[in-house]
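S.K.: Dropping a structure here in structure tokens format, bear with me for questions.
The values are calculated or read from the model by the stated rules, or taken from the named source; none is laboratory data. From a predicted model like this one, the values you see are computed outputs, not experimental measurements. Neighbour counts are summed over all protein chains in view; Cβ atoms, including those assigned to glycine, are modelled from backbone coordinates with ideal geometry. Ligands, DNA and RNA are excluded from the accessible area calculation, which covers all protein heavy atoms including side chains. Shrake-Rupley method; radii C 1.70, N 1.55, O 1.52, S 1.80 Å.
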Amino acid sequence: MARNDLQGTLDLLILKTLSQRIKLHGYGIVQHIQRASDELLQVEEGSIYPALHRMEQSNWIRSEWATTETNRKAKYYRLTVAGRRQLTEAEEGFEQLVKGVRAMLRYA
């Protein structure tokens, strides 16, 4: 997979996570992805924060500072309207990618 495809997949996972929650901090997003994938997907903190920053710059997510359950300050992220549109496009694009890979595996 090209780097853009991998980056797009991480974006898809983050957007999908935030579509199912009101708001989450970065570590909470990582935990959700790992739990929801039965620990098959591991997202490194070094990948999540640049992705969140890039997605915030694209106006797909918005952030605000708040206090965590453990009384620490953290940036919480939530999906925007533009983020919901991007999620729909990303899901459709991913489905096409999966169809293409499956078709290739049948003939290869």
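S.K.: Please determine, in degrees from 0 to 90 and to the nearest 10, the orientation of helix 45-57 with respect to the longest principal axis defined by the Cα atoms of the chain, where the helix direction is its Cα long axis.
M.R.: Long axis of 45-57 versus the principal axis of the chain: about 90 degrees.
S.K.: For the charge dipole of the stretch 1-86, defined by +1 on Lys and Arg C-beta atoms and -1 on Asp and Glu C-beta atoms about the Cα centroid, which residue among Leu79, Ser47, Ala36 has the Cα displaced farthest towards the positive pole?
M.R.: Leu79
S.K.: Expressed as a whole percentage, what fraction of the accessible surface of the chain belongs to carbon and sulfur atoms when a 1.4 Å probe is rolled over the protein heavy atoms?
M.R.: Here it works out to 51 percent.
S.K.: Could I ask something else about it? Straight-line reach from Lys23: which lysines have Cα under 19 Å away, leaving out those fewer than 8 places along the same chain?
M.R.: Lys73, Lys75
S.K.: Can you give the angle from 0 to 90° between the axis of helix 26-36 and the longest principal axis of the chain, with both taken from C-alpha atoms, to the nearest 10?
M.R.: Result, in degrees: 40.
S.K.: Also, I was wondering about something else. Just to confirm the number: angle between the C-alpha axis of helix 81-107 and the first principal axis of the chain, 0 to 90 degrees, nearest 10?
M.R.: Its long axis makes an angle of about 30 degrees.
S.K.: While we're looking at this one, here's another question. Using only protein heavy atoms and a 1.4 Å probe, report how much of Thr70 is accessible, in Å² to the nearest 10.
M.R.: Counting only protein heavy atoms, Thr70 exposes about 100 Å² to solvent.
S.K.: Rounded, prolate or oblate: which one fits the stretch 45-108, using the alpha carbon gyration tensor with axes a ≥ b ≥ c (rounded when a/c is under 1.5, else prolate when a/b beats b/c, else oblate)?
M.R.: Prolate, because a/c is 1.5 or more and a/b exceeds b/c.
S.K.: In square angstrom, what is the accessible area per residue of the chain with a 1.4 angstrom probe?
M.R.: With the other protein chains kept in place, the chain gives 69 Å² per residue.
S.K.: Let me ask you something else. Select from the stretch 17-93 those GluC sites (Glu not before Pro) which occupy a DSSP coil region and have at most 11 other Cβ atoms within 10 Å, ordered by residue number.
M.R.: Glu39, Glu44, Glu69
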